[in-house]
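Each remark here refers to the structure printed beneath this line.
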Amino acid sequence: MEVVVQRAVERLELPRPVIRTSPDEDLVQVVHVPTWLWVDRSAWGPVSVSAAVDGVEVTATAKPRKSVWLMGDGRTVICQGPGTPYSAAHSPRASSPDCGHTYRRASLSAPGGAYTVSVQVTWDVEWHGAGQSGVVPGLVIAAERPLVVDEVQAVVTG
């Protein structure tokens, strides 16, 4: 049975996470302004596959459990889901309700002038077949990208 489960798990094609932020990941983030984080919904959902060896068939279903974000500034954000996409229904000053980070320093001194942000999505695989079932926990799929963070200086006139 172990061989069939292993084959099913190996056949799973888990999607690579797509990093999304607000402000948009292609724009500059701003020190002391909340950055919303989320994994694109196309990369967050169950994935199933079946495998058979010597007439024994197993179906394995992987489900994403959490996302761990390494923000590039030494901080880590752990989210118990994909995160909430920002929308105009929220105040621009509001923090994400479930997955966000506020930078305290600009990325000017980081290599290339940008922080390398990565997300690791942890998947758990439930399998069943031949009257048995089990769980294979902790498969990780990751992605990374540069994120520029800058400071904005305000000038008060009056």
Six or more apart or on different chains, Cβ atoms under 9 Å: show the pairs whose first residue is in segment 125-139 and hydroxyl-bearing (Ser, Thr, Tyr) and whose second is in a strand (DSSP E or B). SER133/GLU126; SER133/TRP127
Within segment 34-53, residues among the β-branched types (Val, Ile, Thr) and at pLDDT 95 or above come out as THR35, VAL39, VAL47, VAL49
Can you tell which of SER96, SER109 is among the polar types (S, T, N, Q), assigned to a loop (DSSP other than H, G, I, E, B) and buried (at least 17 other Cβ atoms within 10 Å of the Cβ)? SER96
Which of the residues belonging to segment 94-124 are of a type in the set (Ser, Thr, Tyr), touching a residue at least 12 places away in the same chain (Cβ under 8 Å) and farther than 30 Å from ALA8 by Cβ? SER95, SER96, THR102, TYR103, SER107, TYR115, THR116
Within segment 49-73, take every residue that is farther than 25 Å from TYR115 by Cα and in contact with a Leu (Cβ under 8 Å, 6 or more places away or on another chain) and give me the one that is surrounded by the most Cβ atoms within 10 Å (Cβ to Cβ). ALA60
Can you tell me how many residues in segment 4-48 are touching a strand residue (DSSP E or B) at 6+ places or on another chain (Cβ under 6 Å) and over 26 Å from PRO92 (Cβ atoms)? 12
Would you be able to say whether some residue in segment 74-91 is of a type in the set (A, V, I, L, M), surrounded by 15 or more Cβ atoms within 10 Å (Cβ to Cβ) and within 30 Å of GLN132 (Cβ to Cβ)? no
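The values are calculated or read from the model by the stated rules, or taken from the named source; none is laboratory data. Computed from a predicted model, the values in this text were never measured in an experiment. Using ideal geometry, Cβ is built from the backbone for each residue, glycine included, and neighbour counts are taken over all protein chains shown.
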